[in-house]
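Data first, discussion second: the structure below is written as structure tokens.
FYI, it's all coordinate maths here, none of it is from the lab. Keep in mind the model is a prediction, meaning the values are calculated, not measured. Every residue, glycine among them, receives a Cβ derived from its backbone with ideal geometry; neighbour counts consider all protein chains shown.
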Ligand SMILES: [Zn+2]
């Protein structure tokens, strides 16, 4: 007969998947995280890393939205994709199928559609994480988010060959995702999207920028860290305007890390009273 572990046995702690996380965050914060639901837009390299981190953390539910199937070229940086998935399996389904292998308490709800046509239910979450590779999706999801009352906090991840950038936003209290975009840039984003849809040659000749696994690991780690602080303290912040000591998100700020120079930078993201997004301008009037 095996001995039943008691709280004073080392075995007791070693059998608890969340023991070390609980020691790090505290029992109350871990429980808040476990009760949370997040929307992850994009199930590519960034989405894989964020889902892995949030799953291991014990986040209750991840609503995952991405219309694409797995491509062989994704395999150099996506932990949930396999060579046999190429052109067969939707990215969201691959993550939903394999994440529970390492995070048994996290439910993944997959939606293999673009965010702009996703049902309203996907927005019934605590916060939004953005890991998309195009500005058009950012533009549309920002408008949708600002039409919700209150808009959800947004953690936006982006990267280049050897740098990552994360923005932590809670519009209208902070800038929105497109506050820094000029009218010309918005026009360019929309024109590019039209060409992408109508011109296969344009799509085929679009540059594929270089990317490697550890760059997405860094951006996924920073996004998950900011999400963790938000999920732990969001309820208190909505009630009192205060975050917990030591768990204050970088709200209204960008965080950048240059892997080449090993240099990190952070700074405020200025809200724009003349933002191209009408919902942003309107909501800021009522602050
Ligand atoms: Zn704005």
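Note on the chain: with a GNM built from Cα contacts shorter than 10 Å, the maximum mean-square fluctuation among 104, 240, 216 falls on 240.
Based solely on its DSSP helices, what 222 nm [θ] is calculated for the chain when runs of n ≥ 4 H residues each add -39,500 (n - 2.57) and the sum is averaged over all residues, nearest 500 deg cm²/dmol?
-12000 deg cm²/dmol
Put in order of Cβ neighbour count within 10 Å, fewest first, the listed residues 130, 46 become 130, 46.
By count of other Cβ within 10 Å, fewest leading, how are 138, 238 ordered?
Placing the least packed residue first, the sequence is 238, 138.
When the P(r) of region 162-260 is calculated, the portion above 25 Å amounts to 43% of the C-alpha pairs. Hydrodynamic estimate: the Kirkwood radius of the chain over Cα pairs, inserted into Stokes-Einstein at 10 °C and 1.306 mPa s, corresponds to D of 79 µm²/s. The GNM of the chain, with springs linking C-alpha atoms under 10 angstrom apart, assigns the highest mean-square fluctuation among 58, 220, 267 to 267. Note on 124, 85: ascending count of other Cβ atoms within 10 Å places them as 124, 85, the fewest first. Cα gyration tensor of region 1-150, axes a ≥ b ≥ c as square roots of the eigenvalues: rounded (a/c below 1.5), prolate (a/b > b/c) or oblate? Oblate, because a/c is 1.5 or more while a/b does not exceed b/c.
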